[in-house]
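Here the structure comes first, spelled out in structure tokens, and everything after it is commentary.
The values are calculated or read from the model by the stated rules, or taken from the named source; none is laboratory data. For clarity, every value in this text was computed on a predicted model and none was experimentally measured. Note that we place each Cβ from the backbone using ideal geometry, even for glycine, and neighbour counts take in every protein chain shown. For the accessible areas, the whole protein counts, side chains as well, though only heavy atoms, and no ligand, DNA or RNA atoms are used. Shrake-Rupley method; radii C 1.70, N 1.55, O 1.52, S 1.80 Å.
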Amino acid sequence: MKLLRVDTLDEAMEKLLRAAVMLPLNTQQIRTEEAVGRVLAGDIVSAEDIPGFRRSTVDGYAVLAQDTQGAAEALPVLLRVVEEVDAGQVPKHRLQSGQCAYVPTGGMIPEGADAMVMIEYCEPFGTGQIAVGQPVSPGRDVVPVGDDIRGGSVFLKKGTEVRAQEIGGLLAAGIIEIPVFAPFRVTVLSTGDELVEPGEPLGPGQMRDINSGVLKTLARQYGCDVIHTELIKDDREQLSRTIYSAMRGSDLVLLSGGSSQGNRDFTAEVIDQLAKPGVFTHGLALKPGKPTILGYDESSRTILAGLPGHPAAAMLVFVLLFGRILKQLRGEKPPVCMKAQMECNVPGAPGRETCQLVQLLPGGDGYLARPVFGKSGLITTLTEADGFTMIPVNREGLHTGERVCVWPI
Ligand SMILES: Nc1nc2c(c(=O)[nH]1)N[C@H]1C(S)=C(S)[C@@H](COP(=O)(O)OP(=O)(O)OC[C@H]3O[C@@H](n4cnc5c(N)ncnc54)[C@H](O)[C@@H]3O)O[C@H]1N2
Ligand code: MOO
């Protein structure tokens, strides 16, 4: 009897990381506005202070805070208006005690002034004067020079994923091109005689190919460039030819199906034949995901993964292994989990770590995690789930009310 010698998830991660650090981590320069989802390949330093001038956060009068001490609605302080500063203009006057200047929101505060009084607390008084009915302390409603971004300092670190707000910060600093990591090149291959393209008619005993679409989407979500997808038959020669050519141009070849022990499951043999040093993990102590194969080819610098055919297993193994590794290689922050309490007991799998799909519902201290049960061949277990939690190998299960970490999917 042929039994798989399985690795724990941690062991497989460690081996995978050792292989993955050999992958070329190229960088490229791209336009900031097109960088959403990409990861910074270098620290970003602003050449300038932002803002570069003392800016008002309100419409009102720039004053010397000291002049307003004791001001009240019933006993206002009178100040002389020496100018009105327009947005985008430089004030002409340096304010002296007893003077003020009108400054709009975002306008430059004149030298000498150290606070703003909102227009609501000022009344015109006679010619060229205002009555201030509120005392203000120094710094009130003033954004100091460099308060947002300090010139010469790193304000975005290498490994940061660019979101809309990072694009805003970069544009504020006038940085319109940035270095990002080049995407890893991925080939996705689905194997199985029973599989048909989703647009084709379905014959008896046939299944539509789910994994290609799911793995392609996930790979893209994790910053990869999917350069090729193909549906292949359980045919050793075809599999071998396709993997061989995929290895030449891909950093990662993701196969699904053909990874367990059926007669027609050739994936591990073919990887071992084509790649040197070849397969380093054949089987994970994980439910679902046991029949997972991981290998590496040194000369083409390609990682090869045979993911289980069952769609939930293929997706979860990708997220657990490659989702984490890809982030780690680019120096990104590890994924953040959500805390929840189990809504009911859930058993673990003997001798295996369990990746348990859950729904999140409001309740408990914040969220309740309700297990989504179902075989890993069912795609709806994934569509019904908000995330998953891990049941350690040495635990019989999780009990009602237990606090768990839920990783969103
Ligand atoms: N004797 C044993 N049988 C099985 C074992 C085992 O340990 N011993 N493990 C089971 C587990 S767990 C899984 S997972 C599957 C994995 O098998 P394979 O990776 O070899 O995949 P296939 O046999 O080709 O397919 C399994 C199942 O998934 C469907 N499938 C495959 N690819 C796709 C796809 N791209 N889109 C949609 N569905 C797909 C396929 O039709 C099968 O139903 O093996 C168990 N058996
Ligand atoms: O472990 Mo399989 O990977 O259950 O579906």
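Within region 46-69, does at least one residue satisfy the condition of being part of a loop (DSSP other than H, G, I, E, B) and of a type in the set (Lys, Arg)?
yes
Looking at region 157-197, which of its residues are aliphatic (A, V, I, L, M) and over 17 Å from residue 34 (Cα atoms)?
Residues of region 157-197 aliphatic (A, V, I, L, M): 162, 164, 167, 170-173, 175-176, 178, 180, 182, 186, 188-189, 195-196.
Correct list: 186, 188, 189, 195, 196.
For region 236-263, give me each residue that is free of Cβ contacts under 8 Å to residues at least 24 places away in the same chain and either within 15 Å of ligand 1 (Cβ to nearest atom) or touching a Phe, Trp or Tyr at 6+ places or on another chain (Cβ under 8 Å) (or both). Once the filter is applied, which keeps residues that are free of Cβ contacts under 8 Å to residues at least 24 places away in the same chain and either within 15 Å of ligand 1 (Cβ to nearest atom) or touching a Phe, Trp or Tyr at 6+ places or on another chain (Cβ under 8 Å) (or both), region 236-263 yields 238, 262, 263.
Taken over region 233-260, the criterion of being of a type in the set (Ser, Thr, Tyr), outside any helix (DSSP H, G or I) and more than 16 Å from ligand 2 (Cβ to nearest atom) is satisfied by 250 alone. Only residues that are under 19 Å from residue 73 (Cα atoms) and surrounded by fewer than 15 Cβ atoms within 10 Å (Cβ to Cβ) were counted across region 138-150, and they come to 0. For region 342-353, the count of residues that are surrounded by fewer than 19 Cβ atoms within 10 Å (Cβ to Cβ), more than 16 Å from ligand 1 (Cβ to nearest atom) and either part of a strand (DSSP E or B) or in the same structural domain as residue 278 (by TED's automatic domain parsing) (or both) is nonzero. Cβ-Cβ distances below 6 Å connect the following pairs, each with a first residue in region 275-294 that is on the phi > 0 side of the Ramachandran plot and outside the structural domain of residue 373 (by TED's automatic domain parsing), a second residue that is modelled with pLDDT of 95 or more and part of a strand (DSSP E or B), and a separation of six or more residues or different chains: 278/295. Of all residues in region 384-405, those that are among the polar types (S, T, N, Q) and closer than 18 Å to residue 8 by Cα total 2.
Annotation note: of 110, 135, the sole residue that is in a loop (DSSP other than H, G, I, E, B) and open to solvent by 10 Å² or more (accessible area, probe 1.4 Å) is 135.
Yes/no per residue for (1) open to solvent by less than 30 Å² (accessible area, probe 1.4 Å); (2) under 22 Å from residue 149 (Cα atoms); (3) of a type outside the set (Val, Ile, Thr):
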| position | (1), (2), (3) |
| --- | --- |
| 20 | yes, no, yes |
| 25 | no, no, yes |
| 29 | no, no, yes |
| 32 | yes, yes, no |
| 35 | yes, yes, yes |
| 51 | yes, yes, yes |
| 55 | no, yes, yes |
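For region 283-331, the set of residues classified as open to solvent by 10 Å² or more (accessible area, probe 1.4 Å) and within 13 Å of ligand 2 (Cβ to nearest atom) consists of 285, 287, 288, 290, 291, 309, 310, 311, 315, listed by residue number.
Quickly run through region 185-196 and pick out the residues that are closer than 15 Å to residue 215 by Cα and surrounded by fewer than 24 Cβ atoms within 10 Å (Cβ to Cβ). Selection gives 185 alone. Picking from residues in region 354-370 that are within 25 Å of the chain's Cα centre (by Cα) and open to solvent by less than 30 Å² (accessible area, probe 1.4 Å), the one that is farthest from ligand 1 (Cβ to nearest atom) is 369.
With respect to the conditions (1) out of contact with any Leu (no Cβ under 7 Å at 6 or more places or on another chain); (2) of a type in the set (D, E, K, R); (3) not in a helix (DSSP H, G or I), residue 158 lacks only one, and its number is (1).
In region 212-232, the residues that are part of a strand (DSSP E or B) form Cβ pairs under 8 Å with partners that are open to solvent by 60 Å² or more (accessible area, probe 1.4 Å), at six or more places apart or across chains, as follows: 224/185; 225/185; 226/216; 226/220; 227/185; 229/216; 231/197.
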